[in-house]
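No value in this document is a laboratory result; all are computed from the given coordinates. Quick caveat: nothing in here was measured; it's all calculated off a predicted structure. Please note: Cβ atoms are built from the backbone with ideal geometry, for glycine as well, and neighbour counts cover all protein chains shown.
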Amino acid sequence: MAWGSGESKQHKEEEEVQEEEEEEEEEEEEGQEEEEEEEEEEEEEGQEEEEEAQEEEEEGQEKEEKGQEEEKGQEEGQEEDGVECVSTAPSRLLAALGMAVPGHLWPLLLLPLLVLAVPTEEPGPGEAVASGPPGRCRRCCDPEELLAPADAAAASSASPGALPYVLPEVRPYINITILKGDKGDRGLLGTPGKLGREGPRGERGPQGSKGAKGQAGSPGSPCQTHFSAFSVGRKTALHSSEGFQPLLFDTVFVNPDGHFDLAAGHFLAPLQGLYFFSLNVHSWNFKETYVHVVHNEEAAVILYAQPSDRSIMQSQSVMLALAPGDRVWVRLFKRERENAVYSDDVDTYITFSGHLIKPGED
């Protein structure tokens, strides 16, 4: 059974491969058919465009032929009108006289008229030639009222005595200065005109006399005293820890206005101005002394002492420009560098002081 199932799987795979090949062949045939259809459509469109161009050319030729035929018809119509005018003139004349002429006598009557109808090259003396506007056929039987304006002008110029004499135009001239009268009364005052441009600035005038002494003003508000000072100390030693730690103080020497916060260890500036600060500490044997004076959160100055077998006093001072609400305090560096400050319960080894030097401008 396993062998039979293997053959059936192989047979199915061969059939699938054949089906895929047949599908690919069908897709190729469809692509070829689409290309052939597109080529046939392009050829048909080109043939249609050529046929349209030929039709347009044929229409143009037909229009030209029609125009030529119309021109020929107009020329023939003009010739027929002239012949008709000559041929019908005698019949109209005889009809007006009430005379009837037999048909066989018409050729004899028309022959002299045809000879007389042929124009000569130059008109005789005293004869006026009627000329109409160009492109207009004037028949011999047209009435005289249909003469063109140009013919009428020519006729009038040929006989100057036909029109009456035109008198020249005379314009009278009156000298106004002769008729000048007396001077009239003064008229009413007119409305004021618009404001003119501003003129240049004049020169400075002379100084006037001194005025009288004025009255005393009202009393002003009391003057504010610009003063701030503090001085504090610490009687306890302090060793560094994992992070920065503020140096707190337990002794107050001077803090009249309470500008130094003893619990937080901060001096709070009451007003804008220049302040002076000083810091004094005592180092610890064989340890560093690493302390900062801090303005708000930024270290302003450092107080440092190297490790030594003897402890010594160290000091630092600085002048800072503070704004109202600024804080100044002291902090000990963190433990990554072992440091400490020394003090005891008997004496005060650590002090921090400050005061206002100059208030700022309001």
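Values as computed for the structure displayed
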item	result
GLU57-GLU198 pseudo-label distance in nm [points 7 Å out on the Cα-to-Cβ vector]	8.5 nm
Label point at ASP309 placed 7 Å out along Cα→Cβ; residues across the stretch 277-293 whose backbone nitrogen lies under 14 Å	285-287
Cα centre as origin, Lys/Arg/Asp/Glu Cβ charges: the stretch 210-362 dipole, Debye	520 debye
At most 15 other Cβ within 10 Å, DSSP loop - GluC sites (Glu not before Pro), the stretch 263-347	GLU297, GLU336, GLU338
Extension reserve of the ALA237-ILE357 stretch, reckoned as 0.36 nm per residue once the Cα distance is removed	40.1 nm
Net charge contributed by nearby residues that have their C-beta within less than 11 Å of GLN245 (K/R +1, D/E -1)	+2
Least to most buried among VAL328, VAL294, VAL318 (fewest other Cβ within 10 Å first)	VAL318, VAL294, VAL328
Sorted by Cβ neighbour density within 10 Å, fewest at the top, the residues ARG335, ARG204	ARG204, ARG335
Distance between the stretch 190-232 and the stretch 233-302 - C-alpha centres, whole angstrom	50 Å
Gained length - ASP345 relative to GLU33, 0.36 nm times residue gap less alpha-carbon distance	101.2 nm
Restricting the stretch 256-362 to chymotrypsin sites (Phe, Trp or Tyr not before Pro) in coil, as DSSP defines it, with at most 12 other Cβ within 10 Å	PHE286
